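The values are calculated or read from the model by the stated rules, or taken from the named source; none is laboratory data. Quick caveat: nothing in here was measured; it's all calculated off a predicted structure. Cβ placement follows ideal geometry from the backbone for every residue including glycine, while neighbour counts extend to all protein chains displayed. Areas reflect the complete protein model, heavy atoms only, side chains present, ligands, DNA and RNA absent. Shrake-Rupley method; radii C 1.70, N 1.55, O 1.52, S 1.80 Å.
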Amino acid sequence: MTEKPKLSMYWASSCGGCEISLVNINEKILSVDASFDFMFCPCLLDTKKKDIEALPDKSIAITLFNGAVRTEENEEMARLLRKKSRLLVAFGSCSSGGCIPGLSNLHAAEDNFKTIYLNNPSIDNPGGVVPQTEVNVKEGSLRIPAFFDKVKTLAQVVPVDYFIPGCPPEPHQIWNVVEAIVQGGPLPPAGSVIGAGMSAVCDECEREKEDKKIKKFYRTYEIVPDAKKCLLEQGLLCMGIATRSGCGGLCPRVNMPCTGCYGPPAGVMDQGAKMVAALGSIVDIGDTKGLSEDEIARRVDKIIDAIPDFAGTFYKYSLSGSILRGRIA
Ligand code: SF4
Ligand code: SF4
């Protein structure tokens with residue numbers, strides 16, 4: 001019997017939703033099992049790191065690497081799996097753009113530790129204990145992976161063959177990718193985004209679109225939007241303009257604004273900058289004839305100030321992979 005190609009999936013700094021999205025392909029998981037030897041997946045299988053180290057280089061056909069690179073362990077596994085895999089895929093928003101873990105790049109690692117372990121109302125830590133890389137216990141010295149100052153995307157650490165975006169990737173898109181690989185057809189050039197569209201979520205959103213003029217932004221709990229009209233035109237900050245298509249416009253379909261999980265559309269380097277630029281052309285401050293620059297700025301600020309968290313809104317899924325990558329100073 002010929003050996004099946006090996007498939008591995010690794011969980012770095014992420015929530016686990018990517019593993020769930022793989023299981024969400026439902027009965028098609030049986031076809032995955034028929035086509036591949038699913039041999040490494042820390043949350044499902046007991047394969048150890050030493051088993052991966054023992055494999056010949058490039059002997060894993062595909063590794064789906066989900067999660068951002070936040071610790072020494074994540075980086076070590078990224079390098080190991082790169083060496084052992086013929087195709088390394090950044091699977092999901094965390095490995096592609098940094099996603100929610102990447103937002104911690106707005107703060108120094110030391111400040112993150114203070115917030116998480118010391119100055120937190122739900123923490124009882126009278127000894128002020130924070131994680132250390134080296135700890136002595138009676139059995140000897142324990143070493144835990146160092147926590148980096150900045151969260152990195154997978155491609156900032158090792159060369160990546162393909163990117164499958166989404167938080168998490170949509171099951172039908174995962175299946176499209178698996179099917180294309182199983183059928184053995186020609187694959188897109190290395191570095192391509194696969195399992196997604198080429199345009200923006202707005203293009204697959206079925207809501208009625210008119211001229212976009214926004215006089216006021218609202219939070220989702222403040223209004224009940226018209227179920228047929230574009231949410232952005234109603235003042236809800238929908239990131240569809242600045243987000244890659246592929247999910248089928250899932251969130252606007254259920255009356256929720258797109259928050260941008262498929263990352264920037266093709267040809268866009270920085271999702272947040274794209275959204276800010278788009279807003280610059282649709283915020284409506286009324287007739288500006290005869291107004292001073294200060295008055296124009298005041299009117300713009302009044303509208304923009306209703307957006308509660310600029311970085312968390314515009315860069316929720318992409319800060320690590322953006323031009324700035326995080327806080328500079
Ligand atoms: S609701 Fe969102 S995704 Fe749909 S057209 Fe408007 S901005 Fe685009
Ligand atoms: S609509 Fe936006 S946030 Fe929702 S699944 Fe699609 S890309 Fe992700």
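Between a residue in the stretch 251-262 that is at positive phi and any residue that is within 8 Å of ligand 1 (Cβ to nearest atom) and in a helix (DSSP H, G or I), which pairs come within a Cβ distance under 7 Å, given they are 6 or more apart or on different chains?
Within 7 Å, the pairs are G260/M239.
Tally time: how many residues in the stretch 132-172 are within 16 Å of ligand 2 (Cβ to nearest atom) and open to solvent by 20 Å² or more (accessible area, probe 1.4 Å)? Quick ask: steps written out before the conclusion?
Looking only at the stretch 132-172, we keep the residues that are within 16 Å of ligand 2 (Cβ to nearest atom), and these are 163-172.
From what's left, open to solvent by 20 Å² or more (accessible area, probe 1.4 Å): 163, 167-168, 170-172.
Result for the stretch 132-172: 6.
Any idea which residue in the stretch 218-274 is nearest to ligand 1 (Cβ to nearest atom), counting only those that are among the aromatic types (F, W, Y) and in a loop (DSSP other than H, G, I, E, B)? Working first, answer last.
Quick first cut of the stretch 218-274, residues among the aromatic types (F, W, Y) only: 218, 221, 262.
Pick out the ones that are also in a loop (DSSP other than H, G, I, E, B) and you get 221, 262.
On the way: Y221: 17, Y262: 11 Å.
It comes out as Y262.
Just one of (1) away from ligand 1 (no atom under 16 Å from the Cβ); (2) open to solvent by less than 40 Å² (accessible area, probe 1.4 Å) trips up I296, so point out which.
Only one criterion in (1) away from ligand 1 (no atom under 16 Å from the Cβ); (2) open to solvent by less than 40 Å² (accessible area, probe 1.4 Å) is unmet by I296, namely (2).
Please work out if M256 is under 24 Å from I307 (Cβ atoms), near ligand 2 (Cβ under 9 Å from one of its atoms) and crowded, with 18+ Cβ neighbours inside 10 Å.
no
Take L88 and decide whether it is surrounded by fewer than 19 Cβ atoms within 10 Å (Cβ to Cβ) and of a type in the set (A, V, I, L, M, F, W, C).
Working: surrounded by fewer than 19 Cβ atoms within 10 Å (Cβ to Cβ): no; of a type in the set (A, V, I, L, M, F, W, C): yes.
Spelling it out, it is not the case that L88 is surrounded by fewer than 19 Cβ atoms within 10 Å (Cβ to Cβ) and of a type in the set (A, V, I, L, M, F, W, C).
Report whether or not I223 is open to solvent by less than 40 Å² (accessible area, probe 1.4 Å), more than 13 Å from ligand 2 (Cβ to nearest atom) and under 25 Å from K302 (Cβ atoms).
Details: open to solvent by less than 40 Å² (accessible area, probe 1.4 Å): no; more than 13 Å from ligand 2 (Cβ to nearest atom): yes; under 25 Å from K302 (Cβ atoms): yes.
Against the criterion (open to solvent by less than 40 Å² (accessible area, probe 1.4 Å), more than 13 Å from ligand 2 (Cβ to nearest atom) and under 25 Å from K302 (Cβ atoms)), I223 does not qualify.
Would you point out which residue out of K274, K316, K289 is open to solvent by 40 Å² or more (accessible area, probe 1.4 Å) and within 30 Å of E110 (Cβ to Cβ)? Give the derivation first.
Values: K274 fails: within 30 Å of E110 (Cβ to Cβ); K289 fails: within 30 Å of E110 (Cβ to Cβ).
Residue meeting the stated conditions: K316.
Using the structure shown, decide if E210 is more than 17 Å from the chain's Cα centre (by Cα) and open to solvent by 30 Å² or more (accessible area, probe 1.4 Å). Spell out how you get there, then give the answer.
Working: more than 17 Å from the chain's Cα centre (by Cα): yes; open to solvent by 30 Å² or more (accessible area, probe 1.4 Å): yes.
In short, yes.
Taking the stretch 277-286, which residues are exposed (fewer than 14 other Cβ atoms within 10 Å of the Cβ) and within 14 Å of ligand 1 (Cβ to nearest atom)?
S281, I282
G246 is checked against (1) open to solvent by less than 50 Å² (accessible area, probe 1.4 Å); (2) at negative phi and fails just one. What number does that condition carry?
Result: G246 passes all but (2).
Hey, among the residues in the stretch 72-81 that are surrounded by 19 or more Cβ atoms within 10 Å (Cβ to Cβ) and not hydrophobic (A, V, I, L, M, F, W, C), which one's nearest to Y10 (Cα to Cα)?
Of the residues in the stretch 72-81, the ones surrounded by 19 or more Cβ atoms within 10 Å (Cβ to Cβ) are 74-75, 77-78, 81.
If we keep only those that are not hydrophobic (A, V, I, L, M, F, W, C) as well, we get 74-75.
Numbers: N74: 9, E75: 12 Å.
Ranking the candidates gives N74 first.
Could you tell me whether D203 is within 16 Å of ligand 2 (Cβ to nearest atom), surrounded by 12 or more Cβ atoms within 10 Å (Cβ to Cβ) and modelled with pLDDT of 95 or more? Walk me through how you get there before you give the answer.
Values: within 16 Å of ligand 2 (Cβ to nearest atom): yes; surrounded by 12 or more Cβ atoms within 10 Å (Cβ to Cβ): yes; modelled with pLDDT of 95 or more: yes.
For D203, the condition - within 16 Å of ligand 2 (Cβ to nearest atom), surrounded by 12 or more Cβ atoms within 10 Å (Cβ to Cβ) and modelled with pLDDT of 95 or more - is met.
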